[in-house]
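A quick write-up on the structure given underneath.
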Amino acid sequence: MARDNGSSPGAERKIHPGAGRRQALAFPKGRQVDAASLEEVHALLGEGPYKGDLLIEYLHLIQDARGHLSAGHLQALAEALKLPMAEVYEVASFYAHFDIVLDGEAPPAPLTIRVCDSLTCEMMGAQALLATLPARLGPAVRVVRAPCMGRCDCAPVAEVGHRHVDRATLASLAATAESGDHHPVIPDYADYEAYVAEGGYRTLKACYDGGHTPDDLVARLEESQLKGKGGAGFPSGVKWKILRQQAKPRLFAINADEGEPGTFKDRYYLERDPHRFLEGMLIAAWAAEVETCYVYLRDEYPAAREILLKEISRIEAEGLTQGRRIELRRGAGAYICGEESAMIESIEGKRGLPRHKPPYPSEVGLFGLPTLTHNVETVYWLRDIIEKGPAWYADQGRRGRKGFHSFSVSGRVREPGVKVAPAGVTIRELIEEYCGGMAEGHSFAGYLPGGASGGILPARLDDIPIDFGTLQDYGCFIGSAAVVVLSDQDDIKAVALNLMRFFEDESCGQCTPCRNGTEKAVQMMSQEDWDVPLLEELSHVMMDASICGLGQAAPNPLLCVLKYFPEALK
């Protein structure tokens, strides 16, 4: 019997399932690139070739120019970078500061005001500003809540465009919005000439000229016992030694994305003495023999960014980098990128999802190469340690502790700010000796020794030396030395809820214990009566099973309330 090949009348034709669809379409499937959008993107990005690791920088360029990211521009950017549209969209949608406007959606108002509602700002009245600003300013201004902006000593704080308003009021925010000047305020700082005049870059030049050796600097760091100031407290000299054992080429990633609520020390140093940071970075880069330095700066620090752009160009012109590249990369509103591997992912132009460890960045880091990672403050002190000697730093502590900390102090104290105080200082000493005592009308009731994730301690535990390793027995840690002081006028349950809401918002979503655990904890903590056994069980699951420190530390404030403030639960 002859096989019917479909050529006879009425026969069913057998063809590839997709062939008919391909023949029916007059153009390829999916969103088509708009020529005007593509032309505008090319104009903003400049001459190619374009690099995929600059994706976040390119997104910033488009949003700075347009005020938002349209679907057309995202597609055009994908075409320019030869990336799938899905990859560009998933990166843009991951970061809080990118405003994506899809087809049919209205763009945001011409001006955005971000009001910080993290702990210290909420204590100082941020919720009242959020409630009253929209009606006062009208539809031409968008008012949104925002996480910590790193200005806790000036709470409440808001950002009008890119201009911060400290100790914000309804009147001051309205006046700033109406002024039309929404650019960052550049504070007075020690520029290149001022820094060199007081001996700056002398130590770096001595390294270049053979006055020091890398092994000598490693030994000095180990003797000083300088530990990482970003929160982990890993010995800096050991980190250099490990990296120097790795194959070349090597890279350097500086974490300037201090998003921990209550922390503002890095901004303080970058905006006042940027060259001390830059010299320390170049000394570390020379000692570790790295090729390129990447500085990952949080987007909430626009003034620091302008300062760094100007001063980096100056030291390059002065030949102080010896051909070593310095790349300033801009974050986009993601607390998780303060974790070193998430920062590395973001520098590579990806979502800031923490990596599983091992391998560690010193072995397999940025672009798969051995990478030295440091916090801003860690390298800020390198020049002084080398010039004044390891003992100068190590002898600063109290109660047998070594060195000092730059405490970011905010809350109910008379004089908040960055306080350089000995490691091992107690909270009572910090308040009385460095902060002018408690604020008028407030009595000391408790404190956060290490920011949002460092736990909460009651006033009766006011004699614990504050340093790495001294707080673990109490369920707390020093972290980046962000101290928030609470008084008898603060609701401790509301404090813990504020912190858990922050973690819920900032969870990257990669792992279920953190993503769902923080959300469930917020729901339960929002109830008047807390289900204590269930909250404890949930906390232990998060601590045991989360991938990174965010989920592991998020329950600390909650567990401290249950342990140290039982009267608040009655």
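The values are calculated or read from the model by the stated rules, or taken from the named source; none is laboratory data. Keep in mind that what you see is a predicted model, and the values were worked out from it rather than measured. Note: ideal-geometry Cβ built from the backbone for every residue, glycine included; neighbour counts use all protein chains shown. SASA here: full protein model, heavy atoms, side chains in, ligands and nucleic acids out. Shrake-Rupley method; radii C 1.70, N 1.55, O 1.52, S 1.80 Å.
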Is one or more of the residues making up region 48-55 open to solvent by less than 20 Å² (accessible area, probe 1.4 Å) and either touching an Asp or Glu at 6+ places or on another chain (Cβ under 6 Å) or among the β-branched types (Val, Ile, Thr) (or both)?
-> no
Given the conditions (1) touching a Leu at 6+ places or on another chain (Cβ under 8 Å); (2) buried (at least 20 other Cβ atoms within 10 Å of the Cβ); (3) assigned to a loop (DSSP other than H, G, I, E, B), and given that ARG351 satisfies all but one, which numbered condition is not satisfied?
-> (1)
Subset of region 231-243 [under 11 Å from GLU363 (Cα atoms) and surrounded by fewer than 18 Cβ atoms within 10 Å (Cβ to Cβ)] = ILE242
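Has region 192-200 got at least one residue that is closer than 29 Å to ASP299 by Cα and among the hydrophobic types (A, V, I, L, M, F, W, C)?
Step one: of region 192-200, the residues closer than 29 Å to ASP299 by Cα are 192-196, 200.
Still in the list and also among the hydrophobic types (A, V, I, L, M, F, W, C): 194, 196.
Yes, some residue in region 192-200 is closer than 29 Å to ASP299 by Cα and among the hydrophobic types (A, V, I, L, M, F, W, C).
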When GLY199 is evaluated against the numbered criteria (1) within 30 Å of the chain's Cα centre (by Cα); (2) open to solvent by less than 20 Å² (accessible area, probe 1.4 Å), which criterion, by number, is the only one it fails?
-> (1)
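So which residues in region 543-570 are closer than 15 Å to ILE456 by Cβ and either in contact with a Gly (Cβ under 7 Å, 6 or more places away or on another chain) or free of Cβ contacts under 8 Å to residues at least 24 places away in the same chain (or both), if there are any at all? Even if it seems obvious, please write down each step before you answer.
Taking region 543-570 as the starting set, the residues that turn out to be closer than 15 Å to ILE456 by Cβ are 553-569.
Passing the criteria: ASN556, PRO557, LEU559, CYS560, LYS563, PRO566, GLU567.
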Region 498-523: number of residues that are in a helix (DSSP H, G or I), more than 24 Å from GLY262 (Cβ to Cβ) and of a type outside the set (D, E, K, R) = 4
Selection from region 108-136 of residues among the hydrophobic types (A, V, I, L, M, F, W, C), open to solvent by 30 Å² or more (accessible area, probe 1.4 Å) and out of contact with any strand residue (DSSP E or B) (no Cβ under 7 Å at 6 or more places or on another chain) yields MET124, ALA128, ALA131, ALA135
Counted residues, region 480-496 - those being closer than 20 Å to PRO416 by Cα and open to solvent by 10 Å² or more (accessible area, probe 1.4 Å) = 4
Scan region 88-98 and give yes if some residue there is surrounded by fewer than 16 Cβ atoms within 10 Å (Cβ to Cβ), at negative phi and modelled with pLDDT under 95, otherwise no.
-> no
Could you give every pair whose Cβ atoms fall below 7 Å, whose first residue belongs to region 38-60 and is without any contact (Cβ under 8 Å) to a residue 60 or more places away in the chain, and whose second residue is among the hydroxyl-bearing types (Ser, Thr, Tyr) and surrounded by 18 or more Cβ atoms within 10 Å (Cβ to Cβ), counting only separations of at least 6 or pairs across chains?
-> LEU45/TYR58
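Check whether at least one residue in region 443-465 is basic (Lys, Arg) and part of a loop (DSSP other than H, G, I, E, B), and report yes or no.
Residues of region 443-465 basic (Lys, Arg): 460.
Subset that is part of a loop (DSSP other than H, G, I, E, B): 460.
Checking region 443-465: at least one residue is basic (Lys, Arg) and part of a loop (DSSP other than H, G, I, E, B).
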Quick one: MET149 ticks every box in (1) open to solvent by less than 20 Å² (accessible area, probe 1.4 Å); (2) in a helix (DSSP H, G or I); (3) in contact with a strand residue (DSSP E or B) (Cβ under 9 Å, 6 or more places away or on another chain) except a single one, so which number is it?
-> (2)
Which of the helices (runs of 4 or more DSSP H) contained wholly in region 84-145 include at least 2 residues that are within 21 Å of the chain's Cα centre (by Cα)?
-> 85-94, 119-123
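Considering region 274-297 alone, what residues qualify as being out of contact with any Cys (no Cβ under 8 Å at 6 or more places or on another chain) and closer than 22 Å to CYS152 by Cβ?
PRO274, PHE277, LEU297 - these are the residues of region 274-297 that are out of contact with any Cys (no Cβ under 8 Å at 6 or more places or on another chain) and closer than 22 Å to CYS152 by Cβ.
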Could you grab me the full set of residues in region 395-425 that are open to solvent by 10 Å² or more (accessible area, probe 1.4 Å) and not in a strand (DSSP E or B)?
-> ASP395, GLN396, GLY397, ARG398, ARG399, GLY400, ARG401, LYS402, ARG412, ARG414, GLU415, PRO416
Within region 447-472, which residues are closer than 13 Å to VAL413 by Cβ and either open to solvent by 30 Å² or more (accessible area, probe 1.4 Å) or touching a Cys at 6+ places or on another chain (Cβ under 9 Å) (or both)?
-> LEU448
The lone condition GLU429 fails out of (1) charged (D, E, K, R); (2) over 26 Å from TRP240 (Cα atoms); (3) open to solvent by less than 40 Å² (accessible area, probe 1.4 Å); (4) outside any helix (DSSP H, G or I) is (4)
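In this structure, is ALA303 assigned to a helix (DSSP H, G or I), touching a residue at least 60 places away in the same chain (Cβ under 8 Å) and crowded, with 23+ Cβ neighbours inside 10 Å?
Details: assigned to a helix (DSSP H, G or I): yes; touching a residue at least 60 places away in the same chain (Cβ under 8 Å): yes; crowded, with 23+ Cβ neighbours inside 10 Å: no.
No, not satisfied.
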Restricting attention to region 496-542, which residues are without any contact (Cβ under 8 Å) to a residue 40 or more places away in the chain, acidic (Asp, Glu) and touching a Pro at 6+ places or on another chain (Cβ under 8 Å)?
-> none
GLY228 versus (1) open to solvent by less than 20 Å² (accessible area, probe 1.4 Å); (2) at pLDDT 95 or above; (3) of a type outside the set (A, V, I, L, M, F, W, C): which is the lone unmet condition?
-> (2)
Give me the pairs, please: first residue somewhere in region 88-115 and farther than 15 Å from GLY72 by Cβ and of a type in the set (Asp, Glu), second residue anywhere and open to solvent by 40 Å² or more (accessible area, probe 1.4 Å) and part of a loop (DSSP other than H, G, I, E, B), beta-carbon distance under 7 Å, and either six or more positions apart or on two chains.
-> GLU90/ARG351
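From LEU221, LEU217, LEU204, which residue is touching a Leu at 6+ places or on another chain (Cβ under 6 Å) and crowded, with 18+ Cβ neighbours inside 10 Å?
Numbers: LEU221 fails: touching a Leu at 6+ places or on another chain (Cβ under 6 Å); LEU217 fails: touching a Leu at 6+ places or on another chain (Cβ under 6 Å).
It is LEU204.
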Could we say that GLU178 is closer than 30 Å to ARG314 by Cβ, in a helix (DSSP H, G or I) and either open to solvent by 30 Å² or more (accessible area, probe 1.4 Å) or free of Cβ contacts under 8 Å to residues at least 40 places away in the same chain (or both) here?
-> no
Among VAL522, VAL541, which is the only one that is modelled with pLDDT of 95 or more and open to solvent by 50 Å² or more (accessible area, probe 1.4 Å)?
-> VAL541
